[in-house]
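Everything below concerns the one structure shown next.
A short reminder: the numbers here are calculations on the coordinates, not readings from a lab. Every value quoted in this text rests on a predicted model; they were computed, and no experiment measured them. As a convention, Cβ positions derive from the backbone with ideal geometry for all residues, glycine included, and neighbour counts pool all protein chains shown.
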């Protein structure tokens, strides 16, 4: 079965999966979903004000879809463990955001105009509160610290910098401490060269107490522990890096040793095609039990997000499912 049933929603309705974990990456959180009043309206119902829509929905529109009348849109993802509990971690679909830190209207801390693409509208805290359980973070050495930057050529500049990474990690720590049954995954695009830089960063953010040890991660495509077991052991933070050597040096899991991934950017949104990322093993590989599904264009356009994350997203889930040999 599909890991994520979207029903043409931008933030997908998450259900238990059979076989793979689908981490759905979205460039923007807002999306589209039908018409009535007094909290009785459901997804895609027409509406005129926020109170018309049911819980977890808001009243919005999507001009890119040719919609002139506002309708109820899902603003919160359904956390899969609220539907089915106690399954292995890889049997669920978890919502993940791409460049989670690259937030529209985030103030520049460098005193210069930021020149970069933005991928999110919500703060990281609000993303987590709205059902996101995975964050993609680009980390760089910058100004004697480790910063989150949406940059290029492996270097952070003052016009691509957002903030010190520890600020965002402290948001994650606050969320985990306030929500003791939740699990969060962080995937790092890693440009940090400072020895022990990442491990010290997570330690200083107070996240070491939630760390899922690399030694306990499945190495041959087996099931992960159940979510109940992970919560009981307080192993509620999974962290992956794009640098292979840091698994031995810092105890941070090498991403493509544990995760199969489709191509990111424009190749990942081409209808009918779901190629694997070049760093990843083929999608039908049985050697890893986590599948990370990228779905965002190379150049995000905010006004197009609601369209991209509707029917095309549902179609791509089916395409990738077949590419993984799960027909």
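Some points to look at:
- Solution diffusion estimate, µm²/s, Stokes-Einstein, segment 32-74, Kirkwood Rh from C-alpha pairs, 4 °C, viscosity 1.567 mPa s: 139 µm²/s
- Share antiparallel - DSSP beta bridges, the chain, percent rounded to 5: 35 percent
- Derived value for segment 133-245: Kirkwood hydrodynamic radius 14.9 Å. Basis is the mean of 1/r over every pair of different alpha-carbon atoms.
- With each label modelled as a point 7 angstrom along the Cα→C-beta vector, the residue 257-residue 193 pair spans 2.3 nm.
- Dividing the Cα radius of gyration of the chain by its Kirkwood radius returns 0.95 for Rg/Rh.
- Segment residue 108-residue 228, extension gain: residue separation times 0.36 nm, minus the distance between their alpha carbons: 39.2 nm
- Here segment 248-327 is treated as a Stokes sphere of Kirkwood radius computed over C-alpha pairs; at 4 °C and 1.567 mPa s its diffusion coefficient rounds to 96 µm²/s.
- For the pair segment 225-262 and segment 283-326, the centres of their Cα atoms are 22 angstrom apart.
- Our Cα-only numbers for segment 143-199 put the radius of gyration and Dmax at 13.2, 39 Å.
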